[in-house]
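Here is the structure we will look at.
The values are calculated or read from the model by the stated rules, or taken from the named source; none is laboratory data. Quick caveat: nothing in here was measured; it's all calculated off a predicted structure. Here the Cβ positions follow ideal geometry from the backbone for every residue, glycine too, while neighbour counts run over all protein chains shown. For accessibility, only protein heavy atoms count, side chains too; no ligands or nucleic acids. Shrake-Rupley method; radii C 1.70, N 1.55, O 1.52, S 1.80 Å.
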Amino acid sequence: MPPTTQQIEFERSDVARSVFGHRDENLKILASELTVDIHARGNQVTVVGDPVDAETASRTLSELYDLVAAGFSIGGGDVTRAANMVKGAPDVRLRDIFNDRIVSGVRRPITPKTLAQKHYVDAIRENAIVFGVGPAGTGKTYLAVAMAVAALQAREVRRIILTRPAVEAGERLGFLPGDLQEKVNPYLRPLYDALHDMMDEEKVAVLLERGIIEIAPLAFMRGRTLNDCFVILDEAQNTTRPQMKMFLTRLGFDSHTVVTGDLTQVDLDRGTRSGLGEAVDLLRDIEGIAVRRFSDVDVVRHPLVRKIIRAYENAADRDRTRSEPQSAPNEGES
């Protein structure tokens, strides 16, 4: 198909400059993502390329312009994610996603960054139990903690409980120094880090001391009924079937539960099925329970992380193909 040319003229030069980025860096990122040529002159942008990609680039620029005009500051990562969202969902409105402020963090407001993250956040608002499944760096735990903090600040819940299984990935707990709390703290560190992004450290310390926020290994959940709580189970791919059943049946009245994990990073003994994978299969059709999946497109860390995840996924696909038994030839075939 022959290339097409599209032109866009923006009304405000200050907003246009913010969209283009320093030395048109954002335009270069967008051109690379969509394989088009983009040239800016004053307030006018010319896009040349495949008709579909040129249309996607033009729509992305228009959406980013509206976003910046509304007061949102964008960076290169936002441009990449915006292009992927517009490409995957032509009717998407970036303002509906980026302006969904969950909570005001210590350094910046916490908002969804991808369409899958927006669907995930909406699912948490609408369901009692939500499973967030996908690779590292997609914001599954971070957004769940943000939603928990928002619910606590709005007095929708009285407590936040953050938990994860203390399953080793190469080291044994018994070899680590210190008492039990000191041994499990390294496994719970990501949860503390997320909280400190969203609340002042002194405030977090006070809430932890008063038991309003509790961070504990999964084993500490046994025998409890959790009412008026926002409960998050992180690294759930490392739960066994009994552990997952035990955790899910802790749900009390007026509570929310979010379960997050990456089924490609299971550290259980060989032959033990992940409780997360089984729970998703068993419970996904029950009303009040939602499953939201993420992919490498939703990674919000360094751009290389997405490429690393994709490389490992491709390798896993090749390994599965090699291990599949070859069908025997039909009778009569040589």
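Hydropathy first: keep DSSP H helices in the chain averaging at least -0.5 on Kyte-Doolittle, then drop any whose Cα extent along the axis falls short of 24 Å, and list what survives. Could the numbers behind the result be given before it?
Working: long enough: 51-69 (27 Å, 0.04); 180-198 (27 Å, -0.62); 303-323 (31 Å, -1.07).
Qualifying helices, which must be both long enough and hydrophobic enough, are 51-69.
Out of the DSSP beta bridges found with both residues in the chain, what percent are antiparallel (nearest 5)?
Numbers: 13 of 38 bridges.
Once the DSSP bridges in the chain are tallied, antiparallel ones form about 35 percent.
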Rounded to whole Å, give me the distance from the Cα center of the stretch 138-165 to that of the stretch 55-121. 22 Å
Surface accessible to a 1.4 Å probe, Asp228 within the full protein complex, Å²: 40 Å²
The chain - Rg over Rh from alpha carbon coordinates, Kirkwood radius: 1.04
Which order do His119, His22 take by accessible area at a 1.4 Å probe, largest first? His22, His119
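Stretch Asp269-Asp66 to full length: gain in nm at 0.36 nm per residue minus the Cα-Cα span? Numbers along the way, then the final one.
Numbers: separation 203, 0.36 × 203 = 73.08 nm, distance 5.06 nm.
Contour length minus the Cα-Cα distance gives 68.0 nm.
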For the stretch 37-128, take every pair of Cα atoms, bin their distances at 10 Å starting from 0, and report each bin as a whole percent. 15, 45, 28, 10, 2, 0
In the chain, lysine pairs closer than 22 Å at Cα, eight or more apart or cross-chain: 11
Could you list, bin by bin from short to long, the percent of Cα-Cα pairs of the stretch 186-322 in 10 Å steps? 9, 32, 36, 19, 4, 0
Can you work out the PRE-style zone for Arg125? Point 7 Å along Cα to Cβ, and I want the residues of the stretch 103-117 with backbone N under 12 Å. 103, 112
Using a 1.4 Å probe on the protein heavy atoms only, what accessible surface does Asp193 show? Give it in Å² to the nearest 10. 80 Å²
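Taking a probe of 1.4 Å, how large is the accessible area per residue of the chain, in Å²? Can you show the working numbers first?
Details: 18230 Å² over 334 residues.
Using a 1.4 Å probe on heavy atoms only, each residue of the chain averages 55 Å².
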